[in-house]
Structure formats: C-alpha cells, structure tokens
Amino acid sequence: MITYQIVKSASSIGANYEEAQAAVSRPDFANKIGICLKETRETHYWIRLIIATLEQNADWVPLENESSQLKNILGSIYTKVSKER
C-alpha cells in the first residue's frame, strides 16, 4: 500500500514538471511547480514513514535525502515564480 502511494506521488512529480516546462504563462508554470512541490512533500512523507517503520531501512535513507533536496529546490523555484506574479 505505501509503495503504491510512493509510486503514485513520485510519478506525479515528473509528470507535472514536464507540464511545467510547456507552461503557457508564468502563473501556469507556478501552478505546475506548486503541484510538483506538493507531490514531493507527499513522497518525502511516505519515505520517512517507511524509514520509521522498517528495521532494514538503509536503502531508503539516500532516497529521503534526495527527496529533501528536491523539496528544497522546488520550494525555491515556487517561491521565486510566485513573487513574480
């Protein structure tokens, strides 16, 4: 169940980022990046939950780090483009 949620939210990040690259306006771009950020936060949550509940979770720790970095990057982009609206 949790892995399904991760696949769902993580794949949404990529799909919405692709849509953002083809945005028709700055507000459209900001909206798509905002969705990416939201989905990244959800994915990060699921990864943290797995780490907290699995005894053998070493494989998930680098993924938590990467999702945290992606969250920071997308958050920075979203903040910048939202101010420009």
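The values are calculated or read from the model by the stated rules, or taken from the named source; none is laboratory data. These numbers were taken from a predicted model, which means no experiment stands behind them. Here Cβ is always computed from backbone atoms with ideal geometry, including for glycine, and neighbour counts include all displayed protein chains.
Mind checking which residues of the stretch 43-59 are buried (at least 18 other Cβ atoms within 10 Å of the Cβ) and either of a type outside the set (Val, Ile, Thr) or more than 20 Å from residue 8 (Cα to Cα) (or both)? Residues satisfying the conditions are 44, 46. Residues considered: 73, 77, 13, 33. Of these, the only one that is modelled with pLDDT of 95 or more and in contact with an Asp or Glu (Cβ under 7 Å, 6 or more places away or on another chain) is 13. Considering the stretch 12-24, the residues that are within 11 Å of the chain's Cα centre (by Cα) and closer than 21 Å to residue 83 by Cβ include one that is surrounded by the most Cβ atoms within 10 Å (Cβ to Cβ), namely 16. One residue stands out in the stretch 25-42 among those that are more than 15 Å from residue 83 (Cα to Cα) and aliphatic (A, V, I, L, M): the one that is surrounded by the fewest Cβ atoms within 10 Å (Cβ to Cβ), namely 35.
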